[in-house]
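Some notes on the structure that comes next.
The values are calculated or read from the model by the stated rules, or taken from the named source; none is laboratory data. All values derive from a computational prediction rather than experimental measurement. Methodologically, a virtual Cβ is constructed for each residue, glycine included, from the backbone with ideal geometry; neighbour enumeration extends over all protein chains shown. Accessible surface areas use protein heavy atoms only, side chains included; no ligands, DNA or RNA. Shrake-Rupley method; radii C 1.70, N 1.55, O 1.52, S 1.80 Å.
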Amino acid sequence: MIKLILANPVFDKHVVDEITAYNFQLGLLYIATYVESHGYKSKLIVGDRLVIEIIKILEGNRECLLVGFYVSADNLGEVNRICASIKNISPSHKIILGGPEARARYLELLDSHLCDFVCIGDGEDCVLMLLRILQNGEYEKLREVPNLAYKNSNKIVKTRQTYERDLDKFPIP
């Protein structure tokens, strides 16, 4: 069963028509490949009308632990709209945002209550550790997840930021 959905909403019809593994957002490919190398099945989606596709996946797969979005200045509005729809239909599903705009606006995004987590650095270990915590219900270990921001009792918690120096540790997408 799919444990992780990673999505990149795009609006340019020409980009959507020509989507291949070579022009997909590379960070999402690395995260998906990394978590799959540790036994978690993931689903990558990109396009201009993702909310229906994501909802269908979630309805058919209640074991999905996390839905993640790449957030840039170009797609922030669409990501917010999709997150609002997911939280409205299925509030128990956890959402993480990452990417340049998420990193810059993590306080605002967490205050919006449209997401549960924001990745504020490299995402590979952050997402893998978060999946393990969500799967095992060990929420007290959230502070151990690197590069993560989240709310705890209406206070924003920001964990230690790390940068992986040994890039050979990550499988090639």
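Just a few scattered comments:
- Filtering region 117-173 to residues that are in a helix (DSSP H, G or I) and either touching a Gly at 6+ places or on another chain (Cβ under 7 Å) or among the polar types (S, T, N, Q) (or both) leaves Val127, Gln135, Asn136.
- Any pair with Cβ under 7 angstrom, 6 or more apart, that starts in region 43-72 at a residue that is open to solvent by 70 Å² or more (accessible area, probe 1.4 Å) and ends at one that is assigned to a helix (DSSP H, G or I): Lys43/Ile57
- Selection within region 114-133 - without any contact (Cβ under 8 Å) to a residue 12 or more places away in the chain and touching a helix residue (DSSP H, G or I) at 6+ places or on another chain (Cβ under 7 Å): none
- Residue pairs meeting the criteria (Cβ under 8 Å; at least 6 apart or on separate chains; first farther than 16 Å from Leu65 by Cα and free of Cβ contacts under 8 Å to residues at least 60 places away in the same chain, in region 136-149; second part of a helix (DSSP H, G or I) and of a type in the set (Ser, Thr, Tyr)): Ala149/Tyr106
- In the condition set (1) modelled with pLDDT of 85 or more; (2) closer than 15 Å to Ile82 by Cβ, Arg49 is compliant with all but (1).
- Summed over region 145-157, residues that are open to solvent by 100 Å² or more (accessible area, probe 1.4 Å) and either within 18 Å of the chain's Cα centre (by Cα) or among the acidic types (Asp, Glu) (or both) total 0.
- The requirement of being over 12 Å from the mean Cα position of the chain (by Cα), within 27 Å of Lys141 (Cβ to Cβ) and aliphatic (A, V, I, L, M) is fulfilled nowhere in region 66-74; no residue meets it.
To keep it simple, each residue is scored yes or no on (1) buried (at least 18 other Cβ atoms within 10 Å of the Cβ); (2) within 15 Å of the chain's Cα centre (by Cα).
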site: Pro100; (1), (2): no, yes
site: Tyr106; (1), (2): yes, yes
site: Phe117; (1), (2): yes, yes
site: Lys141; (1), (2): no, no
